[in-house]
Amino acid sequence: MGTQWWTGHQLAELAERLVPGSVARADEVAAYLKPESLVETMRALRDSEEGDFVYLANLCAADYWTRFEVVYHIMSLEKNHLAVAKVEVFDRENPVVPSVVPVWYGAWMQECEAYDLFGIRFEGHPKLYRIFLWDGFPGWPLRKDWLSMPGGLQPGLNEFSGTARREPPPVRVVE
Amino acid sequence: MIEGAGPVAAFWGLSALTLLAAGGVVVSRNLFHAVLFLIVVFLGIAGFFLLLSADFLAMAQVIIYVGAIAVLILFAIVLTPRASRDNAETRMAPVALVAGVAVAGLLIPAILDAEWRTLSSAPALPVSDLGRELLGVWVLPFQLASVLLTAALVGAVVLVRSPREEREEIDEEERR
Amino acid sequence: MSGAPFLATEHWWDLRDLSNISREILEFLDRVGPDWLAYVVSPLIGFVAAFLLFVLPSQLFVGVYGERRLIGRMQSRLGPNRVGKFGLLQPIADAIKLIQKEAITPRGADKWVMWTAPVVFVAPAVLVWAVIPFGPNMVIADIPVGLVYFLAITALPVLAAFMAGWSGNNKYSLFGAMRVVAMAISYEVALVLGLLGVVLFTSTMSLQAIVEWQREHDIWLVFLQPLAFVIYFISASAELNRTPTDIAEAESEIVAGYLTEYSGMKWGLFYGMDIGYALAAAAFGSTVFLGGWSLFGLEEWVPPWLILVAKTHLFYFVFIWTRGTLPRLRIDQLMALAWKYMLPLAAINLLVVAAERLWWHEAGLGDGIVYLFAAANIALALLLVVGWARVLGYRPERVPTRPRLVKHVGGYVAPGAETGGGR
Amino acid sequence: MTEIRSEPFVVNIGPQHPSTHGVFRVKVTVDGERIVDAEMVMGYLHRSIEKLAEERTYTQNIPFTDRTDYLSSMSNNLGYCLAVEKLAGIEVPPRGNAIRVIMAELQRLASHCMAIGAFANDTGAWQTPVMWTFREREKILDLFEMTSGARLTCNYMRIGGVAFDLPKEFEPACRKLLATFPSFIDELHGLLSENEIFIARTRGIAVITPEQAINASLSGPMLRGSGVAWDIRKADPYCGYEQYDFDIPVGYNGDSYDRFIVRLEEMRQSVRIIEQALDGLPGGPYRTEVPLALRPPKGEAYARVEGPRGELGYYVVSDGGPAPFRFHIRPPSFINLSLLKEMTVGGTVADAIVALGSVDIVVGEIDR
């Protein structure tokens, strides 16, 4: 019993079969989809007999200094399986990802949240606005370079030895 | 005839109150205040009825005019989108003035000319007699008034029914 | 006075009939003072006596303290119990607190209207007591149209509520004001039609005479007019904004309705007089429907005013009880209840009463027939309530009050596809 | 005929309003009493817990999870600990798991008490149901105080188990509570579910079809109220939920009333689970010792529990350091709000309040 967690390769294989050329790469955890055909792929995954990913369990973004990842945990209720899809964005100045709101309405608020805290614009979102912070809030708080401290000290845990990241950040900090 | 110090004092007091309030209705720029003054006028008139021993009439005046009509006017003001412009100057002011003077010119001579029947004591008119008259001699006008009011009610309902609601109702019936 | 001679004597110290004292005072004033003095003082005595002996204590200790204690008991908590013995001084402490508080007038509010509204609200609450008979001789003004007087006076607080709601410059206040007026207009109609049945039976509009009628016929009008009583109770609680119908002050929807912008003693007046009106409605209801100060002959031994007080508080207890138990109806449901349900029923009730009354008088039947009428009307009331509900398409619908149970997860569970069992 | 209509005007429900259960604001445009538009405004309670968590060790982050959904701190602790355990590959001893189940289910009872009481208040019941439910919730909070020392923000779960073993008074006290609880649920059933006014107020209000519910990622009683059988305790059992016998309540047509009766039934099922867990409480250690400055291997984990409000997910990314690289909470009441506009538009203001009450939001969790 229990939810069957798909590996990234499984999902990539299915996605590739449904929409050829939609997968950038895949690893054990997740399949990395190409942003260009994201909505199309997601819709195909949702409607496919095999995948039946009708439920978007979770949508969040993560900042890996050189790239942003948008993570989709998608799920089938009847078949009870869950897969992880990701989209990578490399443009730090103006990250754009297509919105999956047409596929899953549940992405509406989570995309707003990701936009508010990461500054990732979701193209095609019916109403993208800063849901928690006020309009004109300076910066995007959950980015790693937000609030970088003087002396090259980067956010993160500094009390434990060897954990403070004293090297300069991998990317130019957006002021 | 009003006799005794108390009723006379009450008469003059009520007159002053009613006239002042009536002036307020005319002068007040705020529509809401005007209606409130109007209510004072109604209450003053109810007071006159009381002075004339017409207790039932006084109560009916309060219930109908204050309790229903004035409140309906207030309601209408709240629901009217442009009520906030209040009693502003209008082009119709001279016309209204002329009309008002004309009405006054008609009424005042008529009142002065009329031969008023004065009673030395208040007529004993129990409510039951009033009801008997209303449903006996005057039953036809009474019924006609009822029909008129019902027609007005139905008309109001028809007026405020929006086409959207009608459509919904038709849909509902079809579904059944 | 008709009926058996009262045990109450005419001595001024006989407190079973409080009118003795007031008569003594007035006679004394007549002897010593100018003749207009008694004229002015006589209504004052009535109001002062009614307020000191009944209204104020009831308002403070039943309305404020008792209601909070009782509802506290219903909600399994204590209620006020700190100030004074058993918390009895709580209402006084509340009043002191309210007086100290700042009376805020919001910017943009209509100051004059806002400050007049509590006054307009309080004055009728005092005047209402003029026609309530506390005993055979104890009524401030036994006017022949007492019943209409009551209805007329209770139309005024609606106005005050509307003024309060409009002047606050607050959308919630305005919502509350609109609701209070819509409610008042709707329920007034059913209320008047219901009370008309009572008037038809007793052929009088004087409250004192209605009580006498009930005493003579040894029956309370609640048995003769059960439908009218139910309509009165619902309409009264609707006009008083008490809980099953308190949409004008619906806390969870429009904060405090027309009182949203009020504070301090301005609010306190509204709050206190709300209780005053509820007590007045209870007193009026027990006078008209529950026999007023009479209790099947017992009023000759027990002071009649105590009987009325007891009945009023009992009536008020039902108000408290419903308040502690029931959720609130929505405004359109309340309107539907008033117009589609209570108004036709009141009209039918009126028709029935008229027929009975006509038959009674034309056929020259004895007074004993009222018991037959009572039985018939009770049966008819039950039949009408159920039958009319059916006509309107309302059935005591068997909504499932327990969800379906399933054992296994999956997608949508179609009706009938449940897999679970109880325990 | 021209349509006669009153001027639409905007009413702010909140941020300070008795029925928004915290500082949450809905901007509704009303035409008379009908709502023509509704817009949510949130963020008044935003503390950026996700950012703060990147600066604390894994253990130090547990108190943060208390403060997201402050009405179900145990479930939040549990979800986070499960995520970290999954990330670091830590096994929890059976006794720890059983204690976790007991606590999570007690928390569900407490939270549903609050939800039902507040919901009844929203329909206009004058405080009585909320006082009754508070009375029962109080007893559960006493149990929490007995075990964890705190009542609201318990901070009881630890990575690898729970903070303390159950005290010996716990079991009799808990059994005493469980003995009286079903009768209390019956009492509520009589007071609310069979009350004509309550049914009239909630039945057919804010209907959500199963398709809508799934597409909008609703979870918990919202999803089950629409007739979708989905419960993570059954679908993806954690902490040994597969050993316990319980049913999933599902509603009929997805209105506010169905969500309410689903919650009420869930309380009965929770009582069943706690009884079974207490009966089969294993001995042994209650916790696996883990280093205070835990450094999970590089990777990511998404763990979810069935919180009282729905799927409570924690997405934790580790870069091998002592602090999570990315810490994301999947807040059920935030996502359950997605359909608020669809639920309220077309109804009256009173219906909107009922709809909002039936979602059972906790603003601390929405804003985080």
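Worth pointing out:
- C:A355 vs. criteria modelled with pLDDT under 85, closer than 24 Å to C:S203 by Cβ, surrounded by fewer than 20 Cβ atoms within 10 Å (Cβ to Cβ) and more than 14 Å from every other protein chain (Cβ to nearest Cβ): no
- On inspection, B:F11 fails the criterion of being of a type outside the set (S, T, Y), in the same structural domain as B:G67 (by TED's automatic domain parsing), part of a helix (DSSP H, G or I) and under 26 Å from B:F75 (Cβ atoms).
- Residue within the range C:332-339 that is in contact (Cβ under 8 Å) with a residue 24 or more places away in the chain and not in a helix (DSSP H, G or I) present: no
- D:F260 vs. criteria at the interface with another protein chain (Cβ under 7 Å from one of its Cβ atoms) and farther than 20 Å from A:L56 by Cβ: no
- Count - residues of the range D:204-225 that are outside any helix (DSSP H, G or I) and either buried (at least 24 other Cβ atoms within 10 Å of the Cβ) or hydrophobic (A, V, I, L, M, F, W, C) (or both): 9
- Scope the range D:234-257; condition in contact (Cβ under 8 Å) with a residue 40 or more places away in the chain and either more than 11 Å from chain A (Cβ to nearest Cβ) or in a loop (DSSP other than H, G, I, E, B) (or both); matching residues: D:D236, D:Y238, D:C239, D:G240, D:Y244, D:N253, D:G254, D:D255, D:S256, D:Y257
- Within the range C:277-306, being assigned to a helix (DSSP H, G or I) and modelled with pLDDT of 85 or more holds for C:Y277, C:A278, C:L279, C:A280, C:A281, C:A282, C:A283, C:F284, C:G285, C:S286, C:T287, C:V288.
- Elements of type helices (runs of 4 or more DSSP H) in the range C:118-217, at least 1 residues being of a type in the set (F, W, Y) and under 26 Å from C:P303 (Cβ atoms): C:146-153, C:207-217
- Of the residues in the range D:342-360, none is within 11 Å of another protein chain (Cβ to nearest Cβ) and more than 29 Å from D:E33 (Cβ to Cβ).
Listed here are the residues, each with its yes/no results for (1) among the aliphatic types (A, V, I, L, M); (2) in contact with a Cys (Cβ under 8 Å, 6 or more places away or on another chain); (3) within 9 Å of chain D (Cβ to nearest Cβ); (4) closer than 20 Å to D:A216 by Cα.
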{"site": "A:G2", "(1), (2), (3), (4)": "no, no, yes, no"}
{"site": "A:P20", "(1), (2), (3), (4)": "no, no, no, no"}
{"site": "A:A26", "(1), (2), (3), (4)": "yes, no, no, no"}
{"site": "A:L45", "(1), (2), (3), (4)": "yes, no, no, yes"}
{"site": "A:E50", "(1), (2), (3), (4)": "no, no, no, no"}
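- Check on B:A110, modelled with pLDDT of 70 or more and either surrounded by 10 or more Cβ atoms within 10 Å (Cβ to Cβ) or assigned to a loop (DSSP other than H, G, I, E, B) (or both): no
- Note on the range B:6-60: residues that are under 20 Å from C:L156 (Cβ atoms) and hydroxyl-bearing (S, T, Y) total 1.
- Pairs are defined by a Cβ separation below 8 Å, a sequence spacing of at least 6 or placement on different chains, a first member in the range C:362-379 that is aliphatic (A, V, I, L, M), and a second member that is assigned to a loop (DSSP other than H, G, I, E, B) and surrounded by 11 or more Cβ atoms within 10 Å (Cβ to Cβ); the pairs so defined are C:V370/C:I219; C:A374/C:I219.
- Cross-chain or 6+ apart pairs with Cβ under 7 Å, the range C:72-95 first and hydroxyl-bearing (S, T, Y), then surrounded by 15 or more Cβ atoms within 10 Å (Cβ to Cβ) and at pLDDT below 85: none
- The residues of the range B:27-65 that are in contact (Cβ under 8 Å) with a residue 60 or more places away in the chain and either touching a Ser or Thr at 6+ places or on another chain (Cβ under 6 Å) or in a helix (DSSP H, G or I) (or both) amount to a single one, B:F56.
- The listed residues are D:D122, D:D165, D:D142, and the only one of them that is surrounded by 22 or more Cβ atoms within 10 Å (Cβ to Cβ) and either closer than 20 Å to D:E266 by Cα or acidic (D, E) (or both) turns out to be D:D122.
- If you go through the range D:47-80 and pick out every residue that is more than 27 Å from A:D116 (Cα to Cα) and more than 14 Å from every other protein chain (Cβ to nearest Cβ), you end up with 2.
- Residue list for the range C:110-134, restricted to those being over 16 Å from the mean Cα position of the chain (by Cα) and either on the phi > 0 side of the Ramachandran plot or within 12 Å of chain B (Cβ to nearest Cβ) (or both): C:D110, C:K111, C:W112, C:V113, C:M114, C:T116, C:A117, C:V120, C:A123
- Subset of the range C:284-314 [surrounded by fewer than 22 Cβ atoms within 10 Å (Cβ to Cβ) and among the aromatic types (F, W, Y)]: C:F296, C:W301
- Consider the range C:106-116 and keep the residues that are of a type outside the set (D, E, K, R) and in contact (Cβ under 8 Å) with a residue 60 or more places away in the chain. The one that is surrounded by the most Cβ atoms within 10 Å (Cβ to Cβ) is C:M114.
- Residue ID - surrounded by the most Cβ atoms within 10 Å (Cβ to Cβ), chosen from residues in the range A:94-111 that are part of a helix (DSSP H, G or I) and facing another protein chain (nearest Cβ under 10 Å): A:Q110
The values are calculated or read from the model by the stated rules, or taken from the named source; none is laboratory data. Being a predicted model, the structure only gives us computed values, none of them experimental. Because the Cβ atoms are built from the backbone with ideal geometry, glycine has one as well, and the counts that use them run over all protein chains shown.
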